[in-house]
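Below is one structure, written out as structure tokens; comments come after it.
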Amino acid sequence: MSTAILTGLPPVGSSLEDDLRSLGFDVRAAADAAGTAAALAAVPAAERVALVDARFVGHLHALRLALTDPRFPAAAVEGALTAQPEARGALTRALAAVTDAEPGVNLPDALAPRLEADGVGVHRPDLGVLVATVPADADVRAKAEGDVAAVDDEAVRLRTAVKSRDGFFTTYCVSPYSRYLARWCARRGFTPNQVTTASLLTALIAAGCAATGTRPGFVAAGVLLIFSFVLDCTDGQLARYSLQYSTLGAWLDATFDRAKEYAYYAGLAIGAAHGGGNDDVWALALGAMVLQTCRHVVDFSFNEANHDATANTSPTAALSDKLDSVGWTVWARRMIVLPIGERWALIAVLTAFTTPRTVFYVLLAGCALAACYTTAGRVLRSLTRKAHRTDRAARALADLADSGPVAELAAKAATRRPGGGATAPVLALTGAGLLLVQLWWHPEPGWWPVLGASLYALFAGAAVARPLKGPLDWLVPPVFRAAEYLTILVLAAHSGGSGALPAAFGLVAAVAYHHYDTVYRIRGGSGAPPHWLVRAIGGHEGRVLAVTIAAALWHNQGFTIALTALAAALALAVLSESIRFWVSSGAPAVHDETGEPA
């Protein structure tokens, strides 16, 4: 339950009390600051409280944005202020300081700066054309009421339910109707988490249809995959439409997209094997998962490295901004990175009309082009940008590197290396290169890959021996991801054991989940997973050593069993800790509002 305290006397005919009740508030009245302080003290400490000037004139949705968003400890618009339980102490102190305020003062507006001075961040939502004001007299009030009547806040609410920046397919082929589906869900009491779960189930059914290996199954899979994406758009739009943000929703939203896509890859691989051609495309499916995950790590690492960098400008960024002023280039540049909407539409159409092998060939080519485009752009920006990166950025990159005990020992043993922005990525690339060259020359199970993995671990430790603050140090985590995933792929492909590639697919999926979980924890400001977990699952270099040693010790079916056991153990450890964190009270409500392609 939430409580709203009206400060002052409302004008005759005001609908403010009814509006607040429609938003779920228990409304109480207070004549002045002292009465407001008494009313505030009577509200249980665990409740959200809102202070609203009784003269307030504005749209209902303006009040909703200011008073009901659960992501912020405090929020305010003109004439209205809200505080979550964690900000109640600061609100009480601020109110005590203004109890002698003159009658008629706009109390919420007087309190908001005091909250900020007390260290509480006060969110001020962008209202756009919506009205929120406290009129000084009857004439100003009449004009404000006219401004309210002139704007349809429901139309604004629908429009702002859609991300301001999204892909072409999502913007023009999904969002024009999915926003109405979101409103339909809101009016029937459905939550974003329920819609997210429905999207996952739909995608899993689509994967099951693809696994049949029949043309009707492939057609059904394509249709269901598109519908799953519509629901995927709807859950976020429903969250924005009704401001239903939650920590559980953050976790579901952050992980289910990957679960859906990778389950669908597996369904296609099973379908290819069960179809008339008995085609084995597990290596392609695993390659698609590796490439897609590495693409995302490039995005995540670059963004974290420059999250709070100072002097964060470059000629390349200026050119990018200039291109964004030309309409068609905006959509061309968004489509070339193959965001989730375009990617899923491409997969769905190709599934319905071609074969799984064709799907993966086209997907790998498209993702490779997108990876080259985005990585090259980020490298150019980094080389031409004179930015000072903070300790926070270095810590985030170190967490994304996912170094285990072996790399930590190597880092401690490493001699002081000279500074320079390229040193860390050069060391990481050297270690990965030595490992992959060994795999290229000796792809069959044996002890040569173990030597390559040992050298890789030493170079990986040296790469992170110093804080990652160089202009290209954000490349270190993607290099580590590529080295680890490709090692598993190559060894499984050449093991000769039945089921080795499906087992490798499961192992990479479990490790990738851990890496995505790390990203979203960092984004939420709560830091990486606990260090004991990273140590327990070996770190990237420990897993590379474990897989190469397993390949040397156990051939054929023994290697498949080893991969399966390792995948199960990792999945159990990572998922149990992740679920514990995301359902805890301290987990952040992370929701992607940037529109960056996924």
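With a Förster radius of 60 Å applied to the beta-carbon distance between Leu364 and Val129, the computed FRET efficiency rounds to 0.85.
Helix-only arithmetic for the chain: the sum of -39500 (n - 2.57) across DSSP H runs with n ≥ 4, divided by the residue total, places the mean residue ellipticity at 222 nm at -21000 deg cm²/dmol. Amide H to amide H distances under 5 Å link Arg28 with Ala4, Ile5, Leu6, where only residues 5 or more positions off or on other chains count and H is placed in the peptide plane. Among 536-544, 472-480, the peptide with the highest mean count of other Cβ atoms within 10 Å heads the list, and the full ranking is 472-480, 536-544. Annotation: per residue accessible area for the range 415-527 equals 36 Å², rounded to a whole number [probe 1.4 Å, protein chains only].
The H on the amide N of Leu243, modeled in the peptide plane, is under 5 Å from the matching H of no residue at least 5 residues off or on a different chain. When all protein chains stay in place and ligands, DNA and RNA are ignored, the 1.4 Å accessible-area order of Phe227, Phe360, largest first, is Phe227, Phe360. Surface listing: Tyr264, Tyr520 arranged by accessible area from highest to lowest gives Tyr520, Tyr264, probe 1.4 Å. Here the accessible area of the range 184-305 is 68 percent carbon and sulfur, with a 1.4 angstrom probe and all protein chains present. The local environment of Met289, defined by Cβ-Cβ distances under 15 Å, has a net charge of +2 under the rule Lys, Arg +1 and Asp, Glu -1.
What the phi angles of the range 77-88 give under the Karplus curve with 6.51, -1.76 and 1.60, with θ = phi - 60°, is a coupling list of 10, 4, x, 8, 9, 10, 9, 6, x, 5, 9, 5 Hz, glycine and proline written as x. Annotation: peptides 512-518, 167-173, ranked by per-residue average of other Cβ atoms within 10 Å with the highest first, follow the order 512-518, 167-173. Ignoring lysines fewer than eight residues from Lys260 along the same chain, the ones with Cα atoms less than 29 angstrom from its Cα are Lys163.
Roughly speaking, to the nearest percent, how much of the range 22-107's 1.4 Å accessible area is carbon and sulfur?
Answer for the range 22-107 is 56 percent, counting heavy atoms of protein chains only.
Excluding Ala272 itself, what net charge comes from residues whose Cβ is under 11 Å from its Cβ, given Lys and Arg +1 and Asp and Glu -1? Around Ala272, the surrounding residues sum to -1.
The values are calculated or read from the model by the stated rules, or taken from the named source; none is laboratory data. Predicted model only: the values in this text are computed from it and were never measured. Here Cβ is always computed from backbone atoms with ideal geometry, including for glycine, and neighbour counts include all displayed protein chains. The area values use the complete protein model at the heavy-atom level, side chains included, leaving out ligands, DNA and RNA. Shrake-Rupley method; radii C 1.70, N 1.55, O 1.52, S 1.80 Å.
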